[in-house]
1. Does SER77 satisfy the condition of being modelled with pLDDT of 80 or more, surrounded by fewer than 11 Cβ atoms within 10 Å (Cβ to Cβ) and among the hydroxyl-bearing types (Ser, Thr, Tyr)?
2. Quick one: THR33 ticks every box in (1) β-branched (Val, Ile, Thr); (2) touching a residue at least 12 places away in the same chain (Cβ under 8 Å); (3) out of contact with any Lys or Arg (no Cβ under 9 Å at 6 or more places or on another chain) except a single one, so which number is it?
3. Return yes or no: is LYS60 in contact (Cβ under 8 Å) with a residue 24 or more places away in the chain and of a type in the set (Lys, Arg)?
Amino acid sequence: MSDHSHGTHEVGEIPPANTGLIWRTFFILSAITAVEFTLAYFMKAGGLRTSIFVIMTLIKAFYIVGEFMHLKHEVKSLIWAIVIPIVFIIWLLVALLTEGGSIFQLR
């Protein structure tokens, strides 16, 4: 009979968890969140603070998608097929918010 075990593990044995990767991800996301809270506490409310929050939130979102949804291990064309539409959606939102705010200046 052939051996159907995969890798060096015995049948029924669970491979060890990669806790180092999980802790690294935890500390990176915690550091970004700590910077966000620090900026929220010390910076005056305005467009710059909001822009920094949006950028940092996008960084965390891309990191979460890359790590937990395993997107960073995919083919580069799949990553670009996801990232490019997101960039255009963000551009559209910025354009709509900018143009939508100008209605108050016309009155």
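The values are calculated or read from the model by the stated rules, or taken from the named source; none is laboratory data. Predicted model only: the values in this text are computed from it and were never measured. Neighbour counts are summed over all protein chains in view; Cβ atoms, including those assigned to glycine, are modelled from backbone coordinates with ideal geometry.
1. When the stated conditions are applied, SER77 passes them.
2. THR33 satisfies every listed condition except (3).
3. Criteria met by LYS60.
For (1) touching a helix residue (DSSP H, G or I) at 6+ places or on another chain (Cβ under 6 Å); (2) not charged (D, E, K, R), each residue gets a yes or a no:
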{"residue": "MET56", "(1), (2)": "yes, yes"}
{"residue": "GLU74", "(1), (2)": "no, no"}
{"residue": "ILE90", "(1), (2)": "no, yes"}
{"residue": "LEU93", "(1), (2)": "no, yes"}
